[in-house]
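To start, the structure itself, in structure tokens.
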Amino acid sequence: MSDKGSGIRSENGEEGGLDPLSGIAGPVVTRFAPSPTGLLHLGSAYAALFAHDQARRHGGRFLLRIEDIDLTRCRPEFEQGMIEDLQWLGLEWDGPVMRQSERLPVYDEFLHVLEEGGLTYPCFCTRTEIQAEIAAAPTAPHGPDGPLYPGTCKNLDWREARARIEAGEPYATRLHMDRAAEMTDPLTFTDIARGVINVDAGSCGDIVLGRKDVPTSYHLSVTIDDAFQFVNLVTRGEDLLHATHVHRTLLALLGLPEPLYHHHPVLLDPDGKRFAKRDKSVTIGGLRAAGHTPEEVRAMAGFS
Ligand code: GLU
């Protein structure tokens with residue numbers, strides 16, 4: 001599974017002969033950005049090894065960022081366990097570990113920029129209301145993660161929205177994707193394995209930028225942090241390819257620099273299923289307890 005680094009493909013799928021990273025000014029900077037909601041398993045170890053390998057192969061920097069904004073699901077013991085497992089696997093990161101939970105004011109500032117630009121709206125819907133609305137719609141538009149938010153709160157009268165906020169009703173902040181696309185279209189991003197991709201921001205719908213419980217979201221914080229940390233090669237599983245359409249749009253709206261992307265295959269178990277954090281036989285801790293060496297575990301993840 002280890003990536004040998006392919007050339008950038010042109011739109012007709014042919015490999016270019018150029019060094020795919022030649023467009024990067026300065027040293028390559030990659031990162032591994034796990035959410036500590038469980039233990040490191042072979043699938044996530046593969047993502048970490050991939051990012052580390054890309055940085056080291058190009059004499060660059062490899063960063064570790066803990067994406068712990070989900071206060072209900074992230075736990076310090078998972079973070080500690082992940083860090084120990086990464087060290088045991090022999091991965092070394094450059095500089096201190098960044099924690100997103102310590103950066104909420106930064107995300108808030110950027111959220112304000114989008115709000116001031118008229119690119120957001122408050123959404124008071126509960127999960128149940130959204131599901132009911134989708135079920136009642138004759139045709140509900142679908143995105144990569146299932147049905148898209150049906151836009152219930154998009155056209156709320158602003159006086160009503162303000163009154164509900166002032167009355168203390170919890171709300172999420174959503175991106176007004178039609179407006180965002182209007183302002184940024186046409187946009188592209190470059191994936192080392194796929195070539196130049198046209199951004200289809202609308203495919204993900206009006207995503208959440210600020211959650212009800214925490215004033216940011218995965219999409220907003222990952223976009224800001226990759227730019228803030230000068231990450232110029234974002235590597236992650238191809239299951240997140242659709243999210244890059246959103247991130248590229250946010251980068252353009254916020255005037256932040258665009259990295260190169262490499263969405264790699266997701267490592268699957270022999271049955272073709274994704275590894276689960278709760279299955280001890282494939283967690284790094286479980287494999288370690290079963291007597292495997294770091295070399296063996298790296299080889300299981302395709303990095304010998
Ligand atoms: N924190 C995300 C996750 O654990 C990964 C973010 C990314 O690589 O963009 O799925």
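The values are calculated or read from the model by the stated rules, or taken from the named source; none is laboratory data. Just so we're clear, the structure is a prediction, and the values are computed from it rather than from any experiment. Positions of Cβ are generated from backbone atoms using ideal geometry, with glycine treated the same way; all protein chains shown enter the neighbour counts. Ligands, DNA and RNA are excluded from the accessible area calculation, which covers all protein heavy atoms including side chains. Shrake-Rupley method; radii C 1.70, N 1.55, O 1.52, S 1.80 Å.
What to note about this one:
- Within the accessible surface of the chain, defined with a 1.4 Å probe on protein heavy atoms only, the carbon and sulfur portion equals 53 percent.
- Given 14 as the ceiling on other Cβ atoms within 10 Å, longest exposed-site-free region of the chain for GluC sites (Glu not before Pro) in DSSP loops: 93-304
- Cα centroid separation - the stretch 219-252 against the stretch 29-108, whole Å: 15 Å
- Net +/- balance of residues flanking Val199 in space, Cβ distance below 12 Å, scoring K and R +1, D and E -1: -3
- With at most 13 other Cβ atoms within 10 Å, longest stretch of the chain clear of loop trypsin sites (Lys or Arg not before Pro) (DSSP): 74-272
- Residue order for Thr184, Thr126 - accessible surface, 1.4 angstrom probe, largest first: Thr126, Thr184
- 5 angstrom amide H check on Leu233, placed H, neighbours 5+ away: Val29, Leu260
- Amide H contacts under 5 Å for Gly90, placed H, 5+ residues apart: none
- What the Kirkwood sum gives for the chain is a hydrodynamic radius of 20.8 Å, with every pair of different alpha carbons counted.
- Charge context of Pro96, other residues only, Cβ under 14 angstrom, K/R +1, D/E -1: 0
- Label-to-label distance for Arg57 and Asp269 is 2.8 nm, based on points extended 7 Å past Cα in the beta-carbon direction.
- Dipole of the chain, positive end: most advanced residue of Pro141, Ser217, Tyr46 [Cβ charges, Cα centre]: Tyr46
- For the chain, the solvent-accessible area works out to 49 Å² per residue, with a probe of 1.4 Å and every protein chain left in place.
- Stokes-Einstein translational diffusion, the stretch 208-258 - Kirkwood Rh over all Cα pairs, 1.002 mPa s, 20 °C, in µm²/s: 187 µm²/s
- Loop sites in the stretch 198-304: chymotrypsin sites (Phe, Trp or Tyr not before Pro), DSSP, at most 15 other Cβ within 10 Å: Phe230
- Once backbone amide H atoms are built at 1.01 Å from N, Ile69 has no partners under 5 Å, excluding neighbours fewer than 5 places away on the same chain.
- Relative contact order, percent, the chain [alpha-carbon distance under 8 Å, six or more residues apart]: 24 percent
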